[in-house]
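Accompanying notes for the structure given below.
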Amino acid sequence: MDPREAGREDGREDGRDGGAARGPGEPAGDPGYRERFLRSTVGDPAGRLTRPTAPPGTRRVHKPAPARTSRADHQALKGQLHERLLEELGERRLHAASEEAVAEAVGEFVARVLAEDELPLNAAERERLGDELREEALGVGPLAPLLADPAVTDVLVNGPQDVWVERFGKLVKTEARFRDAEHLLRVIERIAARVGRRIDAAAPMLDARLPDGSRVNATIPPVSIDYPTLSIRRFGVQRLRRADLVRLGSLSEPMVRFLELAVQARQNVLVSGGTGAGKSTLLGALAEAIPGDERIVTIEDPAELILDQEHVVRFETRPPNVEGRGRITARELVINALRMRPDRIVIGEVRGGEALDMLQAMNTGHDGSLSTVHANSPRDALSRLETMVLMAGLELPSRAIREQISAAIQLLVHVRRFEDGVRRVEYVSELVGLEGGTPLLQDVFRFVRQGRAGARVQGEFVATGIVPRLVDELRARGVAPPLELFRKGTRDA
C-alpha cells in the first residue's frame, strides 16, 4: 500500500501527525505553505477562516475540500509555471516561431501540467490557470479581462502594479498586476511582434494599431524613466451611430437633422475637441449621411473608422522602420488620394502639413470632406489649422491662409467630455467669412449648462435663433432644413 494512503487511514499523513503534513504540491523548506494553504481553502459561512474540527472523542478521516487558493498563492503558482513555460519554449526555439506553433506548444504544456502536477487547485481554478497561461504566452497577460470588458474604453499601464482603465468616462484603478517590469516588457514586446513591429533600446517607443482596431502606445526605458508604460485605446466592432449619440445625450435631434442635411449637401465639416472627447466617434456618425453611391477615401493615423458605405478606400500612415526609412505621411496620402477620383476625402485627424493639402482639395472641387482636429474651442480649431498650414513649409501670409480656411470650411462641430464623463456636442458653429482678417463664427446650436444633479452635469441643447447662411446652399441642392430647427430656444426634439 502507498505509505501516504496508510498514513491517511489512521489520521496521519506521510507517517507524521496530520497537522504537520505537507499539503499537495507544497514546496520543501516552506513551513508556512500549509498554513497559507489551509487559510485559503477552509472557511465558515460568515467568511471567517477556520480549521476543520471533529467532535470530542472521535477519530475520523477528513476529506480535503476542493482547493481555493488565495490570490497571492495563485499568482505565485502562475508565475512559476509561466517561467517553466518560457524555458520550455526557449529550449524548443519557439520564441520566434509562428503564433500557431507557439499556441500548439502552449496547449501541450498546459495539458501536461494540469494532468501530471499535483496542484492545490479545484477544477474551476485549473481551467482558469490554463486560460491564463495561454494568455500569458500568446496575448496581453493580466490585461485580458480588462480588454474583454465592453465598458472599458482605455487601458493605461503606468508600471507593473499601476494599471488603470476608463469606464463611462471615469478613470478607475484596477487590481490587475504584472509580476515585475520584465513581465510587463514581455507583454509589450509580444504586442509589437503581433503587428510586425519591434520595441527595444534603439527604438523605445511604439505607436501601432491592433487587428481589432485598438490603438496602442508603449514606451520602455530609457524613454520612460521608472517602468515600461502601455496605453490601449479600444474601439468597438460596432460604432455608435447618430441615434445612439442622441439616446446617450451627446447631441439633440435638431442638431442631428441639420448636420445630416449639411453632409448630404457636400458641406465641409471640421470636428474639434480635446483628447478623448469623442471626435472620431462623432466623425463616424456624421459619415453615415454620405450617400452610398459616392467614392470615399479615408486617411487615418491609425485607421479606426468603420463606415457603412460599400465604395471605401482606406489609407493609413506608416512610421519609419528601425533604419529610419519607409515612412508614409498623411500629407503624401492626401496628395495620392486626390489622384484617385474621390467624391469625399475623410481625414481622421489633421496634425501637420497635410492641412494645406486638405484645404486646397476643399477649395478645388473636392467638397463634402470631413476631418477632426485637437482644439479647446471652435476658434482655437481655426488657429491650430492656420499653424498646421505653416508646417507645410511654405511661407504664406496669415491673411492668405485665413482666406483659404474661411472659403474651405463651412461648419465646425466642437465636442467636449464633461466632468461627468459624458461626451456632448458643445457648439455647432458656422464659419461665415473674415472681418478685418479675423474669421467670423456664429453659433447655430450650443449646449447650455445649468448646474449639476449629483455627479451628472445638467443642461440642454438649444438653438441660438441664427439661421445659418448655408441654408441657401442647402436649398439650391434641394435639401433645405425646416426653419423651425433654428428657432431660438428650440430644444431636444
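A few comments on the model shown:
- Isotropically averaged projected area of the range 390-493, using the convex hull of Cα atoms (one quarter of hull area), nm²: 9.3
- Most positive-pole-ward Cα, 230, 361, 291, against dipole of the range 230-374 from beta carbon charges: 230
- Legend: calculated FRET efficiency, residue 419 to residue 84, from the Cβ-Cβ distance at R0 = 45 Å, rounded to 0.05, equals 0.40.
- Where the range 251-347 is the region considered: accessible area per residue in Å², 1.4 Å probe: 40
- Alpha carbon centroid spacing (whole Å) that separates the range 147-203 from the range 210-279: 20
- The range 323-373, relative contact order in percent, only Cα pairs under 8 angstrom and at least six apart counted: 43
- Using θ = phi - 60° in the Karplus curve 6.51 cos²θ - 1.76 cosθ + 1.60, the 3J(HN,Hα) couplings for the range 386-401 round to 5, 5, 5, 4, 5, 6, 6, x, 9, 8, 9, x, 4, 5, 5, 5 Hz; x is entered for Gly and Pro.
- By accessible area with a 1.4 Å probe, ligands and nucleic acids excluded, highest first: order of 374, 311: 311, 374
- In the full protein context, the range 141-240 carries 51 Å² of accessible surface per residue, based on a 1.4 Å probe and ignoring ligands, DNA and RNA.
- Relative contact order of the range 388-493: 17 percent, from C-alpha pairs under 8 Å at least 6 residues apart in sequence.
- The largest accessible area among 312, 113, 223 belongs to the first residue in 223, 312, 113, and the rest follow in falling order (1.4 Å probe, all chains).
- Between residue 313 and residue 149, the contour length at 0.36 nm per residue exceeds the Cα-Cα span by 56.0 nm.
- Of the whole protein surface, residue 84 contributes about 100 Å² of accessible area at a 1.4 Å probe radius.
- Accessible area of the range 419-487 belonging to carbon and sulfur atoms, whole % at 1.4 Å probe: 45
- Carbon plus sulfur fraction of accessible area for the range 261-314, probe 1.4 Å, in percent: 45
- If you take the alpha carbon atoms of the range 166-280 and fit the smallest convex hull around them, that volume is 160 Å³ per residue.
- Rolling a 1.4 Å probe across all protein chains gives residue 366 an accessible area of roughly 40 Å².
- Accessible area per residue for the range 395-486 is 47 Å², calculated with a 1.4 Å probe on protein heavy atoms, without ligands, DNA or RNA.
- Column: log10 I(q)/I(0), Debye, Cα scatterers of the range 281-434, q = 0.08, 0.13, 0.17, 0.21 Å⁻¹: -0.23, -0.63, -1.07, -1.49
The values are calculated or read from the model by the stated rules, or taken from the named source; none is laboratory data. Computed from a predicted structure; not experimentally measured. Glycine also receives a Cβ, built like all others from the backbone with ideal geometry; neighbour counts cover every protein chain displayed. Surface areas here come from the heavy atoms of the whole protein model, side chains and all, with no ligands, DNA or RNA. Shrake-Rupley method; radii C 1.70, N 1.55, O 1.52, S 1.80 Å.
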